[in-house]
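Notes for the one structure printed next.
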Number of protein chains: 2
Amino acid sequence: MPRQAREDIPVRRATPSDAEPVAQLLHDFQLEFDEPSPGTELLAERYEKLIRNREMTVLLVGDGPDGFAQLRYRPWVYSAGKNAHAYLEELYVVPDRRGNGLGRALLEEAIEAARAEGATHMELGTSESDTAARGLYESAGFTNREGSPDGPVMLFYEREL
Amino acid sequence: MPRQAREDIPVRRATPSDAEPVAQLLHDFQLEFDEPSPGTELLAERYEKLIRNREMTVLLVGDGPDGFAQLRYRPWVYSAGKNAHAYLEELYVVPDRRGNGLGRALLEEAIEAARAEGATHMELGTSESDTAARGLYESAGFTNREGSPDGPVMLFYEREL
């Protein structure tokens, strides 16, 4: 069966009024991966403000909505433009809609949206154990190798402050 | 010999007038790791603007200066405040000054600076092969494991757009 073409899966840009369903999706994402959530109410407040102030781009897929991608931009020293660097902060599809190309549609639209903003580079972090996500990112041209395809693996570190 | 205390190594905040030496350090960093550089002139222009507009915090160590750390902040959905999330974008010490605690002094000051901005979380990417950097980050409380110390490794992915 051929891979479903992106054009068949509409992806739309979230507006401030989508803050509640986006908050619910992130909340579910956190709980599914045993990560803490500040709760849907606080999340919705923050999404509303961040989307309204254009500090964040959120893309939605499906009627639920059933998945979302979240992009941040920043100016960068390696290339020109105020949105030269794009960071894919979140990408999530609800469990019962996985395997239908929704994640790929979100990722492809995220790349297009970032290009339209003038971004020249995109980064993201993911878990070694999330083979579905890694397969998606690698098939979309992302690498976790430094310098060349057989270069050292790039690692993601974090700490609370 | 005891580790040199941070207080012995002054770290200062770069101003727009430091843009040229910071550009030189990043340029040298890129060349040392066989990565492309836009050149010191373009880099200095961009640093000048980003530091002046407070879109970037740069910390400097040593008289050369001999090293720098570069921080970016962004609002986050997981906690409150416009600078809730700190990203350590670069950390570099010139080769002939390594092993003297300059990197540690920069990192500790970066953590303090981020806390002072209200950040609750810091992230960074590094190479699996850079064992000195990884040792520094891990000894400063950073983890590249998801959820728990024996959780899956977190990977950093990138692509050009």
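Restrict the check to the range B:128-135 and report whether at least one residue is facing chain A (nearest Cβ under 7 Å) and of a type in the set (Val, Ile, Thr).
Looking through the range B:128-135, none of the residues is facing chain A (nearest Cβ under 7 Å) and of a type in the set (Val, Ile, Thr).
Step by step: first the residues of the range B:88-103, then only those that are of a type outside the set (D, E, K, R) and under 14 Å from the mean Cα position of the chain (by Cα), then the one that is surrounded by the most Cβ atoms within 10 Å (Cβ to Cβ). Which residue is that? Show your work before the answer.
We begin by selecting, within the range B:88-103, every residue of a type outside the set (D, E, K, R); these are B:88, B:91-95, B:99-103.
With the extra rule that they be under 14 Å from the mean Cα position of the chain (by Cα), the set shrinks to B:88, B:91-94, B:102-103.
Numbers: B:LEU88: 22, B:LEU91: 22, B:TYR92: 23, B:VAL93: 27, B:VAL94: 18, B:LEU102: 23, B:GLY103: 24.
By that ranking, first place goes to B:VAL93.
If a residue has to be outside any loop (DSSP other than H, G, I, E, B) and more than 9 Å from every other protein chain (Cβ to nearest Cβ) to count, how many in the range B:136-161 make the cut? Walk me through it before giving the result.
First pass over the range B:136-161, keeping only residues outside any loop (DSSP other than H, G, I, E, B): B:136-139, B:143, B:145, B:153-160.
Then keep just the ones that are more than 9 Å from every other protein chain (Cβ to nearest Cβ); that gives B:136, B:139, B:145.
Qualifying residue count, the range B:136-161: 3.
Given (1) open to solvent by less than 20 Å² (accessible area, probe 1.4 Å); (2) touching a Lys or Arg at 6+ places or on another chain (Cβ under 8 Å); (3) within 24 Å of A:GLU20 (Cα to Cα), where does A:LEU107 come up short, assuming only one miss?
Failed condition: (2).
Looking at the range B:128-154, which of the residues that are more than 18 Å from the chain's Cα centre (by Cα) and open to solvent by less than 30 Å² (accessible area, probe 1.4 Å) is modelled with the lowest pLDDT? Working first, answer last.
At the first step, the residues of the range B:128-154 found to be more than 18 Å from the chain's Cα centre (by Cα) are B:145-154.
Those still in the list that are open to solvent by less than 30 Å² (accessible area, probe 1.4 Å) too: B:151, B:153-154.
On the way: B:GLY151: 94, B:VAL153: 97, B:MET154: 97.
Among them, the one singled out is B:GLY151.
If you take the residues of the range B:104-127 that are under 13 Å from the mean Cα position of the chain (by Cα) and within 8 Å of another protein chain (Cβ to nearest Cβ), which of them is farthest from B:SER79 (Cα to Cα)? Talk me through it step by step, then tell me what you get.
First pass over the range B:104-127, keeping only residues under 13 Å from the mean Cα position of the chain (by Cα): B:104-114, B:122-126.
Still in the running and within 8 Å of another protein chain (Cβ to nearest Cβ): B:111, B:114, B:122-126.
Details: B:ILE111: 17, B:ALA114: 14, B:MET122: 12, B:GLU123: 15, B:LEU124: 18, B:GLY125: 21, B:THR126: 25 Å.
Filtering first and then ranking leaves B:THR126.
Please tell me if B:TYR47 is facing chain A (nearest Cβ under 8 Å), among the aromatic types (Phe, Trp, Tyr) and open to solvent by less than 10 Å² (accessible area, probe 1.4 Å). Let's see the steps before the verdict.
Working: facing chain A (nearest Cβ under 8 Å): yes; among the aromatic types (Phe, Trp, Tyr): yes; open to solvent by less than 10 Å² (accessible area, probe 1.4 Å): yes.
In short, yes.
Among the numbered conditions (1) more than 10 Å from chain A (Cβ to nearest Cβ); (2) under 30 Å from A:LEU43 (Cβ atoms), tell me where B:GLY101 comes up short.
Every condition holds for B:GLY101 apart from (2).
What do you reckon, is A:LEU71 at pLDDT 95 or above, more than 7 Å from chain B (Cβ to nearest Cβ) and open to solvent by less than 10 Å² (accessible area, probe 1.4 Å)? So that I can check it myself, show each step before the final result.
Values: at pLDDT 95 or above: yes; more than 7 Å from chain B (Cβ to nearest Cβ): yes; open to solvent by less than 10 Å² (accessible area, probe 1.4 Å): yes.
Judged against the criteria, A:LEU71 is a match.
Please find, among B:VAL77, B:VAL58, the residue that is surrounded by 18 or more Cβ atoms within 10 Å (Cβ to Cβ), free of Cβ contacts under 8 Å to residues at least 24 places away in the same chain and within 13 Å of chain A (Cβ to nearest Cβ).
Details: B:VAL58 fails: free of Cβ contacts under 8 Å to residues at least 24 places away in the same chain.
Matching residue, one of B:VAL77, B:VAL58: B:VAL77.
Of B:GLU89, B:GLU108, which residue is of a type outside the set (A, V, I, L, M, F, W, C), touching a Leu at 6+ places or on another chain (Cβ under 8 Å) and at pLDDT 95 or above?
On the way: B:GLU108 fails: touching a Leu at 6+ places or on another chain (Cβ under 8 Å).
One residue alone meets the criteria, B:GLU89.
The values are calculated or read from the model by the stated rules, or taken from the named source; none is laboratory data. Everything quoted here is computed from the prediction, not taken from an experiment. Neighbour counts run over all protein chains shown; Cβ positions are idealised from the backbone, glycine included. When the accessible area is computed, the model is the full protein with side chains, heavy atoms only, and any ligands, DNA or RNA have been set aside. Shrake-Rupley method; radii C 1.70, N 1.55, O 1.52, S 1.80 Å.
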